[in-house]
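The values are calculated or read from the model by the stated rules, or taken from the named source; none is laboratory data. This one's a predicted model, so the numbers in the text were calculated from it and none came from an experiment. As a convention, Cβ positions derive from the backbone with ideal geometry for all residues, glycine included, and neighbour counts pool all protein chains shown.
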Amino acid sequence: SPYGNHCEEDDGVMVLLCIDSFSGYLIAEKCPNHADGLSTLKALQSAFYSHGFPLIVVSDQDQRFADVRVSSWLKACGVRWYRTPPHCERAHGWYETLHKTFLQIVRALLIGDESRTLKWFDVIDRAMWTINHVYRHSADSAVFPAELHFCYGRALPPNYDDRVMTPEAAKFVSTMSELPVPNHRDAEAFMLQFHNRHADCMQLNTAESIDRVLASRRVFAGTQLARQDFKKFQIGDYVVRYNFNRRGKLDSRWLVNQVCQIVAISGSVATLKIGADWQGRPLL
């Protein structure tokens, strides 16, 4: 990094970017030691436990993802990882716009540091926040990635959930190769270790209990309503909104019932009326 305090030990630091295909929400995780298998595994665990487990992950042919610790943990969780064909132009342009935008924001933050003490990986959280809360994916986009990302909660691992792959997703990955799990003695030991960890993991138990509470209150926590058209609803229907706290998905304030009225529907985005101000004007 020519913009800040840099040393040889920083040469091995990399960043793992995960992008949600529905909302465009970007997650950046620091990976030291040239993103070896252990650091890649820790980065994926941090991203999935904090933001939810996907059903499918699509990546390029990077061999770091084929590490026995990474592939066996994904297998234990039920996450299906697909890789694009080798030398495929799609892989080289995989969300390239977001990648470049992220790097441009990182450079701008480093240039703005007058003390010249920040390193590039010290500002990745600020760059991630900017992408998710300020950046719009298109000129006609009316929402930010963070608004869509927080509207469907934190998903459990597929092995512990009842979600299924959509026909469109199955068709999309039908031409790609699935990430193989190495067939040797270490893989079984790693999978057993991760299975035991899931059984005792407090974060997983917390996510599952909150998810069940929300589902029991019939607030559609068990279904991914934000990932499909709101065909079941009509303008004028009353719904319970439980995702108004953007800072913490599993915060206790989620459990406060807030009845809203649907005033407009467009695809998978609905405008809700939550009340009126002191002049009687509706609050959306």
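Some points to look at:
Condition check ((1) assigned to a helix (DSSP H, G or I); (2) more than 25 Å from VAL164 (Cβ to Cβ)) across all residues:
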residue	(1), (2)
LEU38	yes, yes
ALA47	yes, no
PRO54	no, no
ARG64	yes, yes
PRO85	no, yes
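- Test result for ASP186, more than 22 Å from the chain's Cα centre (by Cα), at pLDDT below 75 and loosely packed, with under 11 Cβ neighbours inside 10 Å: no
- Of the criteria (1) hydrophobic (A, V, I, L, M, F, W, C); (2) closer than 29 Å to ARG163 by Cβ; (3) in a helix (DSSP H, G or I), which one TRP81 fails: (3)
- Among the residues of the range 10-36, the one identified as in a helix (DSSP H, G or I) and closer than 17 Å to SER71 by Cβ is ALA35.
- Count of the range 9-68 residues, restricted to those that are of a type in the set (D, E, K, R), modelled with pLDDT under 85 and over 26 Å from PRO145 (Cβ atoms), is 3.
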